[in-house]
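Following: one structure in C-alpha cells, then a few remarks.
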Amino acid sequence: MKLTLKIWRQKNHDAKGELKTYPIDGIEGDMSFLEMLDVLNEGLINNGEEPVVFDHDCREGICGSCSLQINGEPHGPDRLITTCQLHMRSFKDGDTIVIEPFRANAFPVIKDLVVDRSAFDRIQQAGGYVSVNTSGNTVDANSIPVNKHDADESFNAATCIGCGACVAACKNASAMLFTSAKISQFALLPQGKIEATERALNMVKQMDEEGFGNCSNTGACEIECPKGITLVNIARMNREYVSASLEAPLSNAWSIDDESSLFD
Ligand code: SF4
Ligand code: FES
C-alpha cells in the first residue's frame with residue numbers, strides 16, 4: 001500500500017506543533033499500525049531526519065501506552081482494540097491517515113505524539129488500592145466469599161489499562177470512565193469496602209484537581225474504550241461518591257462544585 005501520513009510534530013511542550021506530511025510506500029496489510037510507524041522512522045533515520053516520537057511498550061493491548069488519535073478517533077477506526085492491535089488492513093491503498101497525540105489540557109504534549117498521562121497515576125495514588133495488614137495475620141483473600149456477579153463486574157472494571165482514550169474521545173476531556181473503573185474495581189469487593197468512603201472522595205477530588213472536564217453523558221468514552229469499560233461504572237461511582245459524602249466528616253462534605261462535576 002501507498003499511504004500519505006499527516007503526523008503531528010512538536011519539539012517539546014512549549015513549542016508550537018504542526019501536522020507534517022510523509023508519503024510512505026510498501027506497507028503490508030498484516031503490519032500493525034506501530035510497525036508501519038517503525039518503517040517510517042527507519043526511513044527518516046536513514047535520511048538523517050529526526051524520527052517521530054510515539055509511546056509504546058507491550059504491543060499486545062495490555063500496557064495502555066500506545067495512545068494515538070488516528071483520523072480523529074482514539075486508537076483508530078476499529079472497536080475494542082488499542083493502537084498496537086490495529087492492523088494496516090483496516091486502511092486502503094491511497095488513504096491519507098492523520099495521526100495526532102491525545103488532546104486534553106490534563107495530558108500535556110511532551111514531544112510529537114507522546115503526552116504526559118501522570119495525572120492518571122495521581123488519581124490512582126489518591127485511593128486506587130486496598131491497604132493490607134502484612135503483620136503475619138493476613139487473611140487469605142481467597143477465604144473471603146465473593147458473589148460471582150460482583151467478582152465478574154469487578155474484574156471487568158479492572159481491565160481498564162489507563163490508556164486515556166476515554167478522555168481523548170470526550171468533548172469535555174472528562175476522566176470519569178477511567179476513575180469510575182478504578183473505583184468500581186474495589187467498590188464491588190468486600191476487601192474494598194473498608195476504605196470506600198475515602199477512596200471515592202479522594203479520587204474524585206484528585207480527578208477534578210487535575211483539570212479534567214465534567215461528564216455530560218455523551219457516551220463517546222464507552223464507544224472508544226479499547227477494553228469495553230461501560231457507563232455503568234460512572235453510575236456506580238456517582239452512587240459511591242454520594243454515599244461517601246453523606247458519611248464523611250463536614251470538612252469533606254459534598255460541595256456545590258463537586259455536585260456540578262458529577263451531575264452536569
Ligand atoms: S476506561 Fe477504557 S479508555 Fe479509559 S483509560 Fe480505561 S481502558 Fe482506556
Ligand atoms: S503498546 Fe501496550 S497497549 Fe499498545
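Looking only at the range 45-69, which residues are free of Cβ contacts under 8 Å to residues at least 12 places away in the same chain and not in a loop (DSSP other than H, G, I, E, B)? Give the derivation first.
If we filter the range 45-69 for residues that are free of Cβ contacts under 8 Å to residues at least 12 places away in the same chain, which is where we start, we get 45-51, 57.
Once the filter is applied, which keeps residues that are free of Cβ contacts under 8 Å to residues at least 12 places away in the same chain and not in a loop (DSSP other than H, G, I, E, B), the range 45-69 yields Ile45, Asn46.
Against the numbered list (1) under 21 Å from Gly127 (Cα atoms); (2) more than 16 Å from ligand 2 (Cβ to nearest atom); (3) surrounded by fewer than 18 Cβ atoms within 10 Å (Cβ to Cβ), Arg199 comes up short only at (3).
Here Trp8 passes the criteria (1) over 29 Å from Phe178 (Cβ atoms); (2) of a type outside the set (A, V, I, L, M); (3) touching a residue at least 60 places away in the same chain (Cβ under 8 Å) except the one numbered (1).
Kindly evaluate Pro77 against the criterion of being surrounded by fewer than 19 Cβ atoms within 10 Å (Cβ to Cβ), under 30 Å from Ala158 (Cβ atoms), modelled with pLDDT of 95 or more and under 24 Å from the mean Cα position of the chain (by Cα). Here the answer is yes, as Pro77 does meet what is asked. Thr179: at pLDDT 95 or above and surrounded by 24 or more Cβ atoms within 10 Å (Cβ to Cβ), yes or no? Judged against the criteria, Thr179 is a match.
Has the range 223-240 got any residue that is surrounded by fewer than 18 Cβ atoms within 10 Å (Cβ to Cβ), out of contact with any Pro (no Cβ under 7 Å at 6 or more places or on another chain) and more than 20 Å from Asn156 (Cβ to Cβ)? Within the range 223-240 (the criterion being surrounded by fewer than 18 Cβ atoms within 10 Å (Cβ to Cβ), out of contact with any Pro (no Cβ under 7 Å at 6 or more places or on another chain) and more than 20 Å from Asn156 (Cβ to Cβ)), the answer is no, since none of the residues qualifies. The residues of the range 38-90 that are near ligand 2 (Cβ under 10 Å from one of its atoms) and acidic (Asp, Glu), listed by number, are Asp55, Asp57, Glu60. Restricting attention to the range 80-110, the residues that are assigned to a loop (DSSP other than H, G, I, E, B), in contact with a Gly (Cβ under 9 Å, 6 or more places away or on another chain) and within 16 Å of Ala169 (Cβ to Cβ) add up to 10.
Could you list all residues from the range 148-169 that are without any contact (Cβ under 8 Å) to a residue 60 or more places away in the chain and either among the small types (Gly, Ala, Ser) or in contact with a helix residue (DSSP H, G or I) (Cβ under 6 Å, 6 or more places away or on another chain) (or both)? If the condition is that a residue be without any contact (Cβ under 8 Å) to a residue 60 or more places away in the chain and either among the small types (Gly, Ala, Ser) or in contact with a helix residue (DSSP H, G or I) (Cβ under 6 Å, 6 or more places away or on another chain) (or both), then Ala151, Ser154, Ala158 are the ones that fit. With respect to (1) acidic (Asp, Glu); (2) within 30 Å of Asp208 (Cα to Cα); (3) modelled with pLDDT under 95, the lone exception for Asp140 is condition (2). Among the residues of the range 163-174, the ones that are near ligand 1 (Cβ under 8 Å from one of its atoms) and either at pLDDT below 95 or closer than 21 Å to Tyr241 by Cα (or both) come to 2 in all.
Out of Val132, Val146, Val139, one residue alone is away from ligand 1 (no atom under 16 Å from the Cβ), among the β-branched types (Val, Ile, Thr) and under 27 Å from Lys205 (Cα atoms). It is Val132.
The values are calculated or read from the model by the stated rules, or taken from the named source; none is laboratory data. All of these numbers come straight from a predicted model, not from anything done at the bench. Glycine gets a Cβ as well: all are built from the backbone with ideal geometry, and neighbour counts include every protein chain shown.
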